[in-house]
Structure formats: structure tokens, C-alpha cells
């Protein structure tokens, strides 16, 4: 055995072992089940039904409680029987599209004078950095209405949601203030209870105005000397094994901080974050522009505070209006088809490699399986979220992994054809294919890095899978397979390198067809661009176009698939449907839901044409209506079979639900005519959404709990007719 294998084999074993350990358990696993009896909220009896031998290895298990029975005993105590499950969380974290997660709805608290059109976008930009500071989680962050923000995060535990809510609502405002020294006259006056102009008492770990009976307070100057707007770097640090927050200022901040500390040597410097005084170290010398924030933090608290400080402060307060649990945004059929496509593609590639490249193909398949295991293990270590686009990235990696091995095997074939021995042919084959493999992977890697840098949500998830896969692919295709071949050659297991060959001596001169192929390529590219331009909004999903969110409440639980099937009747087959459960009622036994969130895309131009035409047909007599010809969604020509005046046409529009303010221009005026050129302000969101909701509720009448629907657009409310009336 070659000497270099003595370190190569352990490296491969260690990396594969780490990946396997990182993946266990792949899904949620129950490690302990208890039956608990509570009397007036206190545990009276506890018995273990099932307990895993290795349960102690899992930290911070998820606790899921199911109430089995409630009763009152002879003493009048309220008795509750519960089934308590301790669940080890699966290491493969699935996204909103595959598993669902938690949904938070926040309202922006801003006065009329403080609110401006760009405020919501400013808040969303800050929240994006707070929710996912590492950029590895797939989440949904959308404006809903005028002053509300909807946040969905995949499969988070109760503890993680509480931590997230704290990160979201924190203002993230860092302030530095000078405090009076304990031997100063101001401090002595404050100690005696005398008011000190320009100063106030601030207790440690408390907000301004909150008092304690202890003497652990500082006399802090009202003036804010410097804020966190000039921070250039915030990072986790340690001081005597205690977790602290390290910070550094930019050039302007360093100059201000240096002058501040130089002029106040001997005085405490109060470090205040979101109004809470965390520490007030005494200034011993001029500080050039960096320091630490102490506060007996846990590591999780440090990470949360750093995420808040890095994201910047919120321009307005947020108030939590609703917290729910949502199901997967994709249907089971869609998920199953996606998984089947990936599995079938992988099986086909494995079979092809075994049949065409024989023994070498088996080696490539081993490397391919290790590739998948290591990629998913890396995602688990990074705490990244695996989405359906991420699975598509894994399928793409199958082809890329095989491509690298094909290059190597074909180079080995060429070396064998030159009469080289197997060991030398393998060595030369790897060396000559290495440059090509690196070039092809680096170009794709650059694209993946750009996707990660500018993308969000599923796009970023796809990029993470692609980046990890490319790097691991080069390791398995070039390093692992060569080690396996060297082992086989060292033990004389591989005496010949036989492979099939369909095209032994291709004589096609591809260069002479360069002009034809170039022209064909340009034509195909032009056709693709033209089709994309013609389709317009049809190319874009609801995440880009916006649309209508319907919160539907039914009187009995039904499977989400039933709702999706019903929507296809109303031509909303592309609607995204999620089950919704109140967080406090979500238990293991809950499968179906009575509440659903339905997202429907905004109308495209053709749908707007059809809608306006249908609206006018409903109010104009068939004997009078001839047709509508559109030049664009807001400009069209109405043609009638008999002449009428403009007041009659205005009445038609009013009856169809278009007010006087919707009609910008109508020609001719002052005389009767058969043709009218009309320009409207556009199909209002309110009108299109009301019709959308009527269509959706009409096919679910048998399941609806309410007899009327209240529609809310931000702060605008409109009462719709009862569902039964709408159906009639």
C-alpha cells in the first residue's frame, strides 16, 4: 500500500463519519414518553411509558404535550391527564415548502405624521438581517396590507420562536453616555436624594426610570455622546470564559470615541442597549475605538444581540398581532413528485455508470453516494434549511458528479489506448482531467456565489446546496475515487480497466459547422427572450407580483388537499394553500385544520381584459353589447350595437362596480355614439380581491363557518354580502 494512503484513508473516514453523525437522527425521533397527572396545575403523578437508551445524548429535546382527559376529583381539584413526548429534533431541517413552520403577523406602530411610504420596506430590510443573520435559513418576509408585515420561519421550536420574537421587536439602539464618578459632588448629591441637573439615576440591568432597592446604580448624564451608527464590526468575544460582545467603530466613530474617552478618564462610561444599562466600566486611558459589552450573557443571548446590532435599529416599533403554526406550502403530490423525480434520476445515473463503465462505474457510484451524504451533512452542520429547490440542487449535483468521473475515465481510456500500464494510465488520467474539472466547477461556483449574495429565501437555499455540493464533488470525484483505485491497484484487485465504448473513432468535424450552430443558437436565444417578454408577469410567481392572501375559516377540519382540489374548479390551480393552527392547540394528534391561508397571484393583463369584459357584459343588455377592444389594461374601446350617450355608459360602469373616479377619459362626449374610447385608472385591488374571495368561498360553502366575509386591506375594511347570497 502506498505511503500516502496512510493519511488519505483516515481523512476520508473522519469526514464521512462526521457527516453521518451530523445527520442523526435525520427526522424527529421520540426518545421518551411519559404519562403525567396534574392536580390544579401541579404534577401529582409521573410514569415513564417509553425511554430510549441513548436519550441522554440528545440536548434540548422538543417537548410535546397532548391532553388525554380532564376531570374534577372528589376534593374539587382540576385533574388533567397528559401524554408528554420528548422528541429529538431531526437534523435535516426542512423548509416552509416541505414541512411548514411558524407564522408571525406584526403591525407597525407609527403615528400618521411619522409614517411614510418607504417605512415598511426599511423595516423589512432590517428584519431580513435579524431573522437570518447567517443567510442559511429559508423564510418568508412579506408586506401585508399597508402597515403589517408577515413573517414565516420553517419548523422552529417554541424556544427558537421566543428568541426570534425578541430579536424582531428589539430596537437595536446602542448608546454611550458618561456617568459621574463615585467621588464627585454630583454623585454625592444624588446619593443624598438631591436632584442633579443634567443627570439621572440608572440601575444596572434596568431601563431608565426602573428602580431597585439596591445601590447598584450609576449617575448617568442625559447627553448621548455616541451611538451605534458608527459601528463597523460587532462580534462574539470572551472575557475570563464569560461570553461578551465585542465591538469596533469605523473611522468617524474611532475619532469620536477616542476624544470621548480621552476627556473623561476616571469616569464610568455607561453602555446602554435598547434603554438597558448593561455595564459602566471606568475609563482608564484613551480608547482608540473598540471595546466589549459585559452583562452575564449566555452564548445564545450574545448571538441574538449581535444579530440585532449588525442589522441596525428599527425605524419604528412593531406589535405582534397574531402567532400561528402553518403547514407546508406545497401539496403532498408536488412534494412526492419532486422526490420521485430526484430518486429516479439518481437511480438512472447509477445504473448507467455501472453498465457503461463497469467496475470503474461502481467506484464512481460509491463516491456519488458519499457526495450526497456529505452535502446533506454539511447542511445540517450549517443549520441550513433544505427546500424543494435545494433538492433540485442535489439532483443537479448528481449530473455534475458523474460528469467529473466521466472526464477522468475517458482520459484513462486514452492513456490505455497509448499502451500505458494501468497504474500509469490512472495516474495520467487524473492529472490531465484535473484542470478541466476545476475549470468547470469554478465557473459554476462563481454563479452560485452570486446567487447566494443577491438571493433570498429559496434562491439562497439553492445556492448553499450548490456551493457545498461543488466543493464536496471535487473532493469525492478527484480525491476519494483515486484513493479507491490506488487501494485496488495496491492489492492487485484491478488487473484491467474495461469499459464499454459506443463511439470508438468519431470523425465528425464540429468546427466546420460553427457558423450554422452559431446562427441556430442565436435564433433559439432570441425566441426564448421574446417568449419571456411576451408572457410578462406570467413568468413571475406571487413572491414577485404580489397578490391576495385569504384567511379562510371552516366549521370542521378537512385535509389541505381538499381545499387545493376545490380551488382548481375556480381556475386557481396555482394558488398556494397552507394549513393554519393556533400555536397553543398544535399537538401531535392534529392532522387536518379548520383554518387555511390561501395566496393567489395578482391578475395578469389577459385576465384583466377578460374581467372588465365580463363585468360590462353583466350590466349591458345582449342586444346592445357588441365587444371590447383593448390596447392595454387601462385603455380600451367599447362598441355597442346601438348609439347611446356618455351618461348611459357611465351608468353601465357604475353598475359594474367602477366608480366615477375610475374613469379618467371618455370620448366622445355630448352626443350619442356606438363606439367609446375609454381610459380607466386600472382595476382596483379592492374590486379584484373581492371577486377573488367570492370565487374561492363559493366552492367551499359547505365547509364555511361564517355567513359573511369581512375583507381587510391594511386599514380599509369592506363588508361583503353573505356567502349564500353570493352563490345565488
Quick one: residue 401 ticks every box in (1) touching a helix residue (DSSP H, G or I) at 6+ places or on another chain (Cβ under 7 Å); (2) at pLDDT 85 or above bar one, so which box is it?
-> (2)
Residue 445 touching a strand residue (DSSP E or B) at 6+ places or on another chain (Cβ under 9 Å) and either assigned to a helix (DSSP H, G or I) or buried (at least 17 other Cβ atoms within 10 Å of the Cβ) (or both) = no
Do you know which residues across region 418-428 are surrounded by fewer than 18 Cβ atoms within 10 Å (Cβ to Cβ) and at negative phi?
-> 418, 420, 421, 422, 423, 424, 428
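Out of all the residues in region 51-58, is one or more over 25 Å from residue 373 (Cα atoms) and in contact with a strand residue (DSSP E or B) (Cβ under 6 Å, 6 or more places away or on another chain)?
yes
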Being within 23 Å of residue 309 (Cβ to Cβ) and assigned to a strand (DSSP E or B) is the filter here, so list the residues in region 258-289 that pass it.
-> 268, 269, 270, 271, 272, 273, 276, 277, 278, 279
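Can you confirm whether residue 300 is under 22 Å from residue 140 (Cβ atoms), touching a helix residue (DSSP H, G or I) at 6+ places or on another chain (Cβ under 8 Å), in contact (Cβ under 8 Å) with a residue 24 or more places away in the chain and part of a helix (DSSP H, G or I)?
no
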Restricting to region 417-427, what's the tally of residues that are in a helix (DSSP H, G or I) and farther than 17 Å from residue 488 by Cα?
-> 1
Would you check which residues across region 188-200 are surrounded by 17 or more Cβ atoms within 10 Å (Cβ to Cβ) and either at pLDDT 90 or above or in contact with a helix residue (DSSP H, G or I) (Cβ under 6 Å, 6 or more places away or on another chain) (or both) and list them?
-> 196, 199
Which one of these is part of a strand (DSSP E or B), modelled with pLDDT of 80 or more and farther than 19 Å from residue 452 by Cβ: 127, 141, 105?
-> 105
When region 311-341 is checked residue by residue, the ones that are assigned to a helix (DSSP H, G or I) and surrounded by 16 or more Cβ atoms within 10 Å (Cβ to Cβ) are 311, 335, 338
All but one of (1) closer than 20 Å to residue 264 by Cβ; (2) without any contact (Cβ under 8 Å) to a residue 40 or more places away in the chain hold for residue 218; which doesn't?
-> (2)
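Condition check ((1) surrounded by fewer than 14 Cβ atoms within 10 Å (Cβ to Cβ); (2) not in a strand (DSSP E or B)) across all residues:
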site	(1), (2)
209	yes, yes
214	yes, yes
244	no, no
253	no, yes
256	no, yes
Restricting attention to region 201-222, the residues that are under 22 Å from residue 247 (Cα atoms) and either within 36 Å of the chain's Cα centre (by Cα) or at pLDDT 90 or above (or both) number exactly 4
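Residue-wise test of (1) farther than 21 Å from residue 346 by Cα; (2) crowded, with 17+ Cβ neighbours inside 10 Å; (3) outside the structural domain of residue 353 (by TED's automatic domain parsing); (4) within 30 Å of the chain's Cα centre (by Cα).
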site	(1), (2), (3), (4)
416	yes, yes, no, no
430	yes, yes, no, no
450	yes, no, no, yes
454	yes, no, no, yes
462	no, yes, no, yes
468	no, yes, no, yes
479	yes, no, no, no
Residues in region 353-371 that are surrounded by fewer than 20 Cβ atoms within 10 Å (Cβ to Cβ) and either within 28 Å of the chain's Cα centre (by Cα) or without any contact (Cβ under 8 Å) to a residue 12 or more places away in the chain (or both) total 3
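For region 522-634, which fully contained strands (runs of 3 or more DSSP E) count at least 1 residues that are over 26 Å from residue 148 (Cβ atoms) and at pLDDT 75 or above?
547-558, 625-632
Yes/no per residue for (1) out of contact with any strand residue (DSSP E or B) (no Cβ under 7 Å at 6 or more places or on another chain); (2) surrounded by 13 or more Cβ atoms within 10 Å (Cβ to Cβ); (3) not assigned by TED's automatic domain parsing to the domain that holds residue 158:
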position: 19; (1), (2), (3): yes, yes, yes
position: 38; (1), (2), (3): no, yes, yes
position: 49; (1), (2), (3): no, no, yes
position: 108; (1), (2), (3): no, yes, no
Test residue 612 against the criterion of being farther than 25 Å from residue 654 by Cβ and in contact with a strand residue (DSSP E or B) (Cβ under 9 Å, 6 or more places away or on another chain), and give yes or no.
-> no
Residue within region 129-141 that is surrounded by fewer than 17 Cβ atoms within 10 Å (Cβ to Cβ) and within 24 Å of residue 274 (Cα to Cα) present = yes
Inspect all residues belonging to region 164-179 and state whether any of them is farther than 28 Å from residue 271 by Cβ and outside the structural domain of residue 303 (by TED's automatic domain parsing).
-> no
Residue 379, sole failed condition from (1) part of a helix (DSSP H, G or I); (2) touching a strand residue (DSSP E or B) at 6+ places or on another chain (Cβ under 9 Å); (3) modelled with pLDDT under 80 = (3)
Among the residues of region 381-394, write down those that are touching a helix residue (DSSP H, G or I) at 6+ places or on another chain (Cβ under 9 Å) and surrounded by fewer than 19 Cβ atoms within 10 Å (Cβ to Cβ).
-> 381, 382, 392
Kindly indicate which of 516, 472, 491 is assigned by TED's automatic domain parsing to the domain that holds residue 357, modelled with pLDDT of 80 or more and exposed (fewer than 11 other Cβ atoms within 10 Å of the Cβ).
-> 491
Going by the structure shown, is residue 327 closer than 30 Å to residue 482 by Cβ and in contact (Cβ under 8 Å) with a residue 40 or more places away in the chain?
-> no
Matching residues in region 187-207 (in contact with a strand residue (DSSP E or B) (Cβ under 9 Å, 6 or more places away or on another chain) and either outside the structural domain of residue 251 (by TED's automatic domain parsing) or assigned to a loop (DSSP other than H, G, I, E, B) (or both)) number 5
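The values are calculated or read from the model by the stated rules, or taken from the named source; none is laboratory data. None of the values given here were measured: they were computed from a predicted structure. Quick reminder, even Gly has a Cβ in these numbers, built from the backbone with ideal geometry, and neighbours come from all protein chains shown.
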